[in-house]
Structure formats: C-alpha cells, structure tokens
Amino acid sequence: MNHARTHKPENRNPVFMMGIVATVLILLNCGDFNSKRDTEYLIRVGDHSVTAVDFNNALEFAKTAYPHNATQASTVNKSIRLRLFNQLIEELILLQKAGELKISVSDTEIEAAIAEIKSDYPDDTFEQTFLENAI
C-alpha cells in the first residue's frame, strides 16, 4: 500500500536547506553527468558519472564561497576538494536511487522549493547567507 507523507517539519534547518539548494545548483552547473565515454569519468555510480571537467567546474563554483587567500592554503583547498568530492558522490547515489524508484522533480518544483527557502530570508540576504556559510 502506498502512503503519501505530507508532514512538513516545523523546524527547518536553514543550513541543511541551503545545502540542498547548493546541490541542485552544482548539478545544474556541472554540465552533463552522463559521459558518453566510460574512460572520462572521475566518479561513477551506476549510469551517472562526473568527469574531471565537471568536478573542476563545480570546484571553481565552490571556491567562490571562500575568500581568495583562504583557498590558497593547501589544507583549506584540500578540505574544499574533499567536501565537494563527497558531496558529488552522495548526489550520484541519490540520482541513481531516484532513477530506480522512478522519482523525478520538475524544474517548476525546484524553483518553487528555492522560492520557499528564499522567502524565509528578508530581502536579498539569502545569497549572502548562502555564501557566508560556504555552502
């Protein structure tokens, strides 16, 4: 029997929600996750893969959340890379599982979710908060 859950959490964690938005943005900005050539992938989960080019594009985007001088430190740079690598692996796992379960989200649903999250922030502070938390 299929039971639909309509329970909405009362205390949304804004950092978690911004993480979801960041993930969507990275996925939209990384290009084609389904490389035609198997030898080009850096990360692969089932039918989904991320190439080195995709990773580097996402890395450049992720670095924009940090001051330039911070990204020059090897420990910070390594931490950013590792965090992104783990995040992309999680995303590919989620994409694979969503495909198996035939779960899809339309562009309209994504835009509505982003608008709802942004509505919790006064004026244009969403983007600033997003960057300050280095998401």
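The values are calculated or read from the model by the stated rules, or taken from the named source; none is laboratory data. Computed from a predicted structure; not experimentally measured. Backbone-built Cβ (ideal geometry, glycine too); neighbour counts: all protein chains shown. To get the accessible areas, we keep the full protein, side chains included, count just its heavy atoms, and leave off ligands, DNA and RNA. Shrake-Rupley method; radii C 1.70, N 1.55, O 1.52, S 1.80 Å.
Working with all protein chains in place, sort Phe61, Phe130 by solvent-accessible area computed with a 1.4 Å probe, largest first.
On the way: Phe61 75, Phe130 20 Å².
Putting Phe61, Phe130 in descending order of accessible area: Phe61, Phe130.
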How many nm separate the modelled label positions at Gln96 and Ile114, each set 7 Å beyond the Cα in the direction of the Cβ? 2.7
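Once you order the gyration tensor axes a ≥ b ≥ c over the Cα atoms, which shape class does segment 79-135 get: rounded for a/c under 1.5, otherwise prolate or oblate by comparing a/b with b/c? Don't jump to the answer; show the numbers that get you there.
Details: a/c = 4.60, a/b = 1.24, b/c = 3.72.
Oblate, because a/c is 1.5 or more while a/b does not exceed b/c.
How much area per residue is accessible in segment 41-125 when the probe is 1.4 Å and only protein heavy atoms are counted (Å²)?
On the way: 5720 Å² over 85 residues.
That works out to 67 Å² for each residue.
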